[in-house]
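Take a look at the structure below.
The values are calculated or read from the model by the stated rules, or taken from the named source; none is laboratory data. Keep in mind it's a predicted model, so treat the numbers as computed, not measured. Virtual Cβ from ideal backbone geometry, glycine too; neighbours counted across all protein chains shown. SASA here: full protein model, heavy atoms, side chains in, ligands and nucleic acids out. Shrake-Rupley method; radii C 1.70, N 1.55, O 1.52, S 1.80 Å.
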Number of protein chains: 6
Amino acid sequence: MSTVKLPANPEADPRVKAVFDDIRATRKSDFINNVWRYLAFDPPLLDSVWRDVKAVMATPSALDPLTKEMLYIAVSVANGCGYCVHSHTAAARAKGMTPAQHAELLSIVALAGKTNHLATALQVPVDASFDQDHCRA
Amino acid sequence: MSTVKLPANPEADPRVKAVFDDIRATRKSDFINNVWRYLAFDPPLLDSVWRDVKAVMATPSALDPLTKEMLYIAVSVANGCGYCVHSHTAAARAKGMTPAQHAELLSIVALAGKTNHLATALQVPVDASFDQDHCRA
Amino acid sequence: MSTVKLPANPEADPRVKAVFDDIRATRKSDFINNVWRYLAFDPPLLDSVWRDVKAVMATPSALDPLTKEMLYIAVSVANGCGYCVHSHTAAARAKGMTPAQHAELLSIVALAGKTNHLATALQVPVDASFDQDHCRA
Amino acid sequence: MSTVKLPANPEADPRVKAVFDDIRATRKSDFINNVWRYLAFDPPLLDSVWRDVKAVMATPSALDPLTKEMLYIAVSVANGCGYCVHSHTAAARAKGMTPAQHAELLSIVALAGKTNHLATALQVPVDASFDQDHCRA
Amino acid sequence: MSTVKLPANPEADPRVKAVFDDIRATRKSDFINNVWRYLAFDPPLLDSVWRDVKAVMATPSALDPLTKEMLYIAVSVANGCGYCVHSHTAAARAKGMTPAQHAELLSIVALAGKTNHLATALQVPVDASFDQDHCRA
Amino acid sequence: MSTVKLPANPEADPRVKAVFDDIRATRKSDFINNVWRYLAFDPPLLDSVWRDVKAVMATPSALDPLTKEMLYIAVSVANGCGYCVHSHTAAARAKGMTPAQHAELLSIVALAGKTNHLATALQVPVDASFDQDHCRA
């Protein structure tokens, strides 16, 4: 069940084909997962989202690829996005996440959920020493 | 401004003193940040939360300490907990997070926020290949 | 799957029938979607929710009906309510939302998700010029 | 800092005065807290919100007044509404919430935050026995 | 569909068997619901989560068992955790929650959702009288 | 209070100057609000976020500028981002939002918050007629 109709033959549109080809080349895989196939209902939106994902997630950077996927999972869990939890857990596993690392990721996410609720319930004031910024006007 | 009164002399209670001493010993620092000082309004709750945090965050494990702090930040941002964003950004910095790593963390958290909203707006169905579980009753 | 049993013959209760009749008359349609049929497990709650929805969404006002549905979708996405995303996307489409407008709505919702996360991660202080209220006691 | 200007003399408008008088009479107190004073920028909105709050929170019902305030706090914490956490914690305290009850409320809210994150991270399928509804069309 | 494989014979691991036995004994029921069966993919995590749930939810305390379940539901709804809403609604019903109490719980949760959004949209400043803490450094 | 230090003289970096100049030219105003001044701690992140905001919010499109700002507010409220609620309320006002439109926006956001919570609490199944997609594999 989705809120837009899955395009029947999305790659008939050359803009979609260009993005799908780039996804396949970047990931070295023929598999195009559903979020891209649904986003194809609007080729400019598809293009812009893929560009953003490629720049952040598929370009060598200061953080290693597995850490990046685990951060993505952490945010997706907190935001309650079931699709994203699934797709990024699969991606993390493909990048070598072990069951022990998965369990540890879950224990950190769960603990943060717990203490986030506590700090909000207490309305704890921020310690002055945490402030990076003593000179704002 | 908080919803409980900051205990005036919390370490007069030996249960609070035991926890604060363990925080100082574990972190090799005299600084006790506000969330612990406010949680001291209920010593058993303080003890139970610290036990949980110590076991997950201050015990050697499959993930390195900086990665763990960054995961904590990611969840805290998505949950909108200002105090936790501050305290764990300070902790990540103390564990060596560089400005470049911080910026990259922010770009991943922001991207996840974006695609989480998109997948939810589209109500994308989960790809069958993501399912780890084909045999549930 | 739901947490209350769908009432078998809800309109046998005259309080439910009155609400359902008003929904049909207001919307000029015989279709009663599921949220109303489930809410019928408690007729006073059903009545109070419908009254609220009718006053805000089905009464001519400063904003046009399509804009109102798009605002409803935006909140429902951010709150992660799948049912509401579905029902208000259907309503927006019935009120004339084009695929281009839908794509643009999605791009705004996604961008807001992104910058909301960034501003929270940075804990950006509010600019003084945004404050509407310089005289609170 | 707020997004609307605090009305200078809100009770000059008889619609606002009527609501404020009813708040004072219902609560047997002269204190009008800020959310009502700011909502007075739009008297019909003020009236409609107060009506809703009065019907649910200030009318004798199946749940006792303290339980109702604690439920309100629980939702407000999970939604990250600082103002609401403050106002309903004050209300719960005025209705007799002891420090021990407050601490227990916090421990339940924190635990729910933890297991909510875990169940979402695991994408646990709902047990068939939890379904109240085997006959939906 | 889940993100970890449901362990085929989880009680072959004595650590899992010990937890499941304690769940059955504590609840006086043979039924082990899915969240525990999936958490069994990592026995230490299972053990630690159950310990936490047992201490907070299955130990006599200042709040009665039904109130505790309703608080759990309230948080789970606000966090959008479908599994948790289902499991704790079933638990509340098992502990005597009537349809009228359920409807009232829903009306409070819904009202809190409404006013949480309003207070956030207005950015209402917290009333000075709500502050419990006039002496923080 | 923020988690990064406000750069002292950000436009000394030509990458920051280029973005700030474009913000001023696009908005026809000298005012650079805080989120951009803090994002300047990482010029590539600043550049990428501004590009995204400019493309979606400051380019003529299917939706009018005021509607777009109101949608941004709606998402920001639901995500609990105080800074974003402030900045986009100011932007909407600058684009002509009247107090009556503001009040109506708030009433829709509040109503959506209410029914989002109800639909989640009930776990209402999505009506078959809402599905746009009957042919997914």
**Message:** For a test of the definition: using alpha carbon positions, the gyration tensor, and the 1.5 limit on a/c, classify the range C:1-41 as rounded, prolate or oblate.
**Reply:** oblate
**Request:** Write down the Å³ per residue value for the convex hull defined by the alpha carbon atoms of the protein assembly as shown.
**Result:** 162 Å³
**Request:** Kindly report the accessible area of chain A per residue (heavy atoms of protein chains, probe 1.4 Å, no ligands, DNA or RNA), in Å².
**Result:** 37 Å²
**Prompt:** Roughly to the nearest percent, how much of the accessible area of chain E is carbon and sulfur, given a 1.4 Å probe?
**Reply:** 57 percent
**Item:** Most mobile listed residue (E:53, E:124, E:77) in chain E, GNM with C-alpha springs under 10 Å
**Value:** E:124
**Dipole moment magnitude, nearest 20 debye, the protein assembly as shown about Cα centre, only Lys, Arg, Asp, Glu C-beta charged** = 0 debye
**Message:** Summing both sides, how much accessible area is buried between E and D? Use a 1.4 Å probe and give Å² to the nearest 100.
**Reply:** 5800 Å²
**Request:** Would you work out which of D:60, D:36, D:121 lies farthest towards the positive end of the dipole of chain D, given +1 charges on the beta-carbon of Lys and Arg and -1 on that of Asp and Glu, about the Cα centre?
**Result:** D:36
**Message:** Can you compute the modelled spin-label distance between residue B:131 and residue E:129, with each label point 7 Å from Cα toward Cβ, in nm?
**Reply:** 5.7 nm
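Would you tally the net charge around residue A:14, using a Cβ to Cβ cut-off of less than 13 Å, leaving residue A:14 out, and scoring K and R as +1, D and E as -1?
Working: positive: A:15, A:17; negative: A:11, A:13, A:21, A:22, A:47.
Residues close to residue A:14 contribute a combined charge of -3.
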**Helix F:43-57 vs. chain F, principal-axis angle (Cα, 0 to 90°, nearest 10)** = 50 degrees
**Request:** Name the shape class, rounded, prolate or oblate, that the alpha-carbon gyration tensor gives for the range F:1-83, where a ≥ b ≥ c are the square roots of its eigenvalues, rounded holds for a/c under 1.5, and otherwise prolate holds if a/b is larger than b/c and oblate otherwise.
**Result:** oblate
**Request:** With 31 Å as the limit, write out which pairs from A:17/E:5; B:68/E:54; B:5/F:68; C:54/D:54; A:17/F:114 have Cα-Cα distances beyond it, or answer none.
**Result:** A:17/E:5; B:5/F:68; A:17/F:114
**Prompt:** In peptide F:50-60, what is the residue-averaged number of other protein chain Cβ atoms found within 10 Å of each Cβ?
**Reply:** 3
**Message:** Nearest the rotation axis from D to C, which residue of chain D has its beta carbon, and at what whole-angstrom distance?
**Reply:** D:52, 4
**Request:** Run through the other copies and list how far each one's label point is from that of residue D:5, in nm with one decimal, shortest first; the point sits 7 Å from Cα along Cα-Cβ.
**Result:** 4.0, 4.0, 5.1, 5.8, 6.7
**Asked** Across the residues of D:34-44, average count of Cβ atoms on other protein chains within 10 Å?
**Response** 5
**Prompt:** Taking the Cβ-Cβ separation of residue C:64 and residue F:24 as r and a Förster radius of 35 Å, what is the calculated FRET efficiency to the nearest 0.05?
**Reply:** 0.60
**Asked** Between the helical axis of B:65-78 and the dominant principal axis of chain B, each derived from Cα atoms, what acute angle in degrees is found, rounded to the nearest 10?
**Response** 70 degrees
**Prompt:** By how many degrees, between 0 and 90 and to the nearest 10, does the Cα long axis of helix A:99-122 differ from the longest principal axis of chain A?
**Reply:** 50 degrees
**Asked** What are the nm distances, shortest first, from residue D:17 to its equivalents in the other copies, labels at 7 Å along Cα→Cβ?
**Response** 4.6, 6.1, 6.1, 7.4, 7.8
**Complete:** Taking chain A and counting helices only, DSSP H stretches of n ≥ 4 at -39,500 (n - 2.57) each over all residues, the nearest-500 ellipticity at 222 nm comes to -20500 deg cm²/dmol
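What's the magnitude of the charge dipole for the range A:36-137 around its Cα centre, counting Lys and Arg as +1 and Asp and Glu as -1 at the beta-carbon? Answer in Debye, nearest 20. Walk me through the intermediate numbers first.
Details: 8 positive and 9 negative charges, 64 e Å.
Charge dipole of the range A:36-137: 300 debye, to the nearest 20.
Ranked highest first by average number of other Cβ atoms within 10 Å, how do D:45-52, B:12-19, D:67-74 line up?
Details: D:45-52: 19.2, B:12-19: 15.4, D:67-74: 26.8.
Put in order of decreasing packing, that is D:67-74, D:45-52, B:12-19.
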**Request:** Compute the label-point distances linking residue E:55 to its equivalents in the other copies; points lie 7 Å from Cα along Cα→Cβ; give nm, one decimal, shortest first.
**Result:** 0.7, 4.3, 4.6, 4.6, 4.9
**Prompt:** In terms of the Cα gyration tensor, with a ≥ b ≥ c the square roots of its eigenvalues, is the range F:22-132 rounded because a/c is under 1.5, prolate because a/b exceeds b/c, or oblate?
**Reply:** prolate
**Complete:** Distance in nm between residue F:95 and residue C:9 label points, each 7 Å along Cα→Cβ, equals 5.3 nm
**Prompt:** Farthest toward the dipole's positive end in chain A, which of A:19, A:72, A:101, given Cβ charges of +1 (Lys, Arg) and -1 (Asp, Glu) about the Cα centre?
**Reply:** A:19
